[in-house]
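Asker: Let me give you the structure first, and then I'll get to my questions.
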Amino acid sequence: MKVFLTGAAGFIGSSIAAGLVAAGHSVTGLVRKPEQIAELAGIGVQGVLGSLNDRELIIEQARAADAVINAASSDHRGAVEAIIEALAGSNKPYLHTSGSSIVGDASGGEGSEHIYYEDKLPQPTADKAARVAIDDLVLASAKQGVRASVLCNTLIYGHGALPRDSVQLPRLLKQARKSGIVRHVGPGRNVWSNVHIGDVVSLYLLALEKSPAGTFYFVESGEAAFRDMTAAIAEALKLGPAQDWPLPEAIAEWGYEMASYGLGSNSRVRGERARALGWQPQGPAVLDWIKHEMLHPPH
């Protein structure tokens, strides 16, 4: 299959690209910087230079492909509209990447018992309404003859195909290395569902082949509290116990969005549809990965 992939030089995108190539697919990847073309060539991907604002380029590449995967921003509506326009009536697969902060509660590090299911999604908060509207637009394109699915990833860990950082854990690691103190937002009792990057890739490959049109997936294989993940980071770094960090100080370090939603919220979800599709996660549990693999990237 010939696949057009946005975000191809990113953490998720490059890992999906390498997985597609290994499975025998041909991949054209959208990149923003000329030097990323050579980087992608190293993993067997044909790079094309452009941005999510290049509507005509996106339409042209999407029409030339057998399938499209958007692994760039979950919040760029224009790119999504261009992809849907290009694929309308073709029944080609379109996989759109979202993130489970759409159900995040910005709890300041306090815990929650609330778990969300794919067929019972809540009304989004004001902060996340625009992203959810894009997810809904993708799912609705099934009525326009697009085999569209939304893959809503949880906290992703693991080392990707290129030397790139995932969103959450590397920020905790970087702060700890900088200050000598491992910290979590508030008391760190907040829980996120999580998934290994290798398992993310295997689900994208499976969904490309088999996902029915209009399907929303939570991508998760377990969950962990942030205080347990920071304890594992402290153990790996041989530092003292992880410390609570008041939300205002965390915001000063990481910014409002990252501190409040990426690191200070609960996002507990269950991904039943991926398993029904035949997905079987194989990756190590997050605490084991932090302790034994996080500090040893292959690159």
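The values are calculated or read from the model by the stated rules, or taken from the named source; none is laboratory data. Since this is a predicted model, take the numbers as computed values, not measurements. For neighbour counting, all protein chains shown are included, and Cβ atoms are generated from backbone atoms with ideal geometry for every residue, glycine included. Accessible surface areas use protein heavy atoms only, side chains included; no ligands, DNA or RNA. Shrake-Rupley method; radii C 1.70, N 1.55, O 1.52, S 1.80 Å.
Asker: Are any residues in segment 259-292 open to solvent by less than 30 Å² (accessible area, probe 1.4 Å) and of a type in the set (S, T, N, Q), and if so, which ones?
Answerer: Within segment 259-292, Ser260, Ser265, Asn266, Ser267 meet the criteria.
Asker: Going residue by residue through segment 40-56, is there one that turns out to be within 15 Å of Leu208 (Cβ to Cβ) and among the polar types (S, T, N, Q)?
Answerer: No, segment 40-56 has no match at all.
Asker: Contact list please: Cβ distance under 6 Å, first residue in segment 76-105 and under 11 Å from Arg63 (Cα atoms), second residue charged (D, E, K, R) and modelled with pLDDT of 95 or more, pairs at least six apart or on different chains.
Answerer: What qualifies is Ala82/Arg55; Ala86/Arg63.
Conditions tested, residue by residue: (1) modelled with pLDDT of 95 or more; (2) of a type outside the set (Asp, Glu); (3) touching a strand residue (DSSP E or B) at 6+ places or on another chain (Cβ under 9 Å); (4) closer than 19 Å to Ala142 by Cβ.
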{"residue": "Leu5", "(1), (2), (3), (4)": "yes, yes, yes, no"}
{"residue": "Ile12", "(1), (2), (3), (4)": "yes, yes, yes, no"}
{"residue": "Val48", "(1), (2), (3), (4)": "yes, yes, yes, no"}
{"residue": "Asn70", "(1), (2), (3), (4)": "yes, yes, yes, yes"}
{"residue": "Glu81", "(1), (2), (3), (4)": "yes, no, no, yes"}
{"residue": "Gly89", "(1), (2), (3), (4)": "yes, yes, no, yes"}
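Asker: For segment 238-258, which residues satisfy the criterion of being within 19 Å of the chain's Cα centre (by Cα) and surrounded by 15 or more Cβ atoms within 10 Å (Cβ to Cβ)?
Answerer: Of everything in segment 238-258, those that are within 19 Å of the chain's Cα centre (by Cα) and surrounded by 15 or more Cβ atoms within 10 Å (Cβ to Cβ) turn out to be Trp254, Met258.
Asker: If a residue has to be among the β-branched types (Val, Ile, Thr) and either assigned to a strand (DSSP E or B) or open to solvent by 30 Å² or more (accessible area, probe 1.4 Å) (or both) to count, how many in segment 93-102 make the cut?
Answerer: 1
Asker: Here's a follow-up. Considering only segment 209-225, state which residues are closer than 24 Å to Lys120 by Cα and either of a type in the set (Gly, Ala, Ser) or in a helix (DSSP H, G or I) (or both).
Answerer: Lys210, Ser211, Ala213, Gly214, Ser221, Gly222, Ala224, Ala225
Asker: Something else about it: State whether one or more residues within segment 245-266 are among the aromatic types (Phe, Trp, Tyr), farther than 24 Å from Glu118 by Cα and outside any helix (DSSP H, G or I).
Answerer: yes
Asker: Within segment 203-217, does at least one residue satisfy the condition of being in contact with a helix residue (DSSP H, G or I) (Cβ under 8 Å, 6 or more places away or on another chain), farther than 30 Å from Ala22 by Cα and hydrophobic (A, V, I, L, M, F, W, C)?
Answerer: No, the conditions are met nowhere in segment 203-217.
Asker: Next question. What single numbered condition from (1) among the hydroxyl-bearing types (Ser, Thr, Tyr); (2) in a loop (DSSP other than H, G, I, E, B); (3) crowded, with 16+ Cβ neighbours inside 10 Å fails to hold for Ser112?
Answerer: In the conditions (1) among the hydroxyl-bearing types (Ser, Thr, Tyr); (2) in a loop (DSSP other than H, G, I, E, B); (3) crowded, with 16+ Cβ neighbours inside 10 Å, Ser112 misses (3) alone.
Asker: A follow-up question, please. Considering every residue within segment 124-132, establish whether at least one is open to solvent by less than 10 Å² (accessible area, probe 1.4 Å), at pLDDT 95 or above, in contact with a helix residue (DSSP H, G or I) (Cβ under 8 Å, 6 or more places away or on another chain) and not in a loop (DSSP other than H, G, I, E, B).
Answerer: No; the residues of segment 124-132 include none that is open to solvent by less than 10 Å² (accessible area, probe 1.4 Å), at pLDDT 95 or above, in contact with a helix residue (DSSP H, G or I) (Cβ under 8 Å, 6 or more places away or on another chain) and not in a loop (DSSP other than H, G, I, E, B).
Asker: Among the residues of segment 142-170, what is the count of those that are polar (S, T, N, Q) and either part of a loop (DSSP other than H, G, I, E, B) or surrounded by fewer than 23 Cβ atoms within 10 Å (Cβ to Cβ) (or both)?
Answerer: At the first step, the residues of segment 142-170 found to be polar (S, T, N, Q) are 144, 149, 153-154, 166, 168.
Next cut, either part of a loop (DSSP other than H, G, I, E, B) or surrounded by fewer than 23 Cβ atoms within 10 Å (Cβ to Cβ) (or both) only: 144, 154, 166, 168.
Total satisfying the criteria: 4.
Asker: Given the residues Leu237, Leu263, Leu277, Leu295, which is the only one that is within 20 Å of Tyr204 (Cβ to Cβ) and out of contact with any Cys (no Cβ under 6 Å at 6 or more places or on another chain)?
Answerer: Checking each option against the conditions leaves just Leu277.
Asker: If a residue has to be open to solvent by 70 Å² or more (accessible area, probe 1.4 Å) and either within 22 Å of Gly158 (Cβ to Cβ) or among the hydroxyl-bearing types (Ser, Thr, Tyr) (or both) to count, how many in segment 209-237 make the cut?
Answerer: Looking only at that region, the number is 3.
Asker: Which of the residues that make up segment 24-33 are out of contact with any Phe, Trp or Tyr (no Cβ under 9 Å at 6 or more places or on another chain), under 12 Å from Val3 (Cα atoms) and in contact (Cβ under 8 Å) with a residue 24 or more places away in the chain?
Answerer: His25, Ser26 - these are the residues of segment 24-33 that are out of contact with any Phe, Trp or Tyr (no Cβ under 9 Å at 6 or more places or on another chain), under 12 Å from Val3 (Cα atoms) and in contact (Cβ under 8 Å) with a residue 24 or more places away in the chain.
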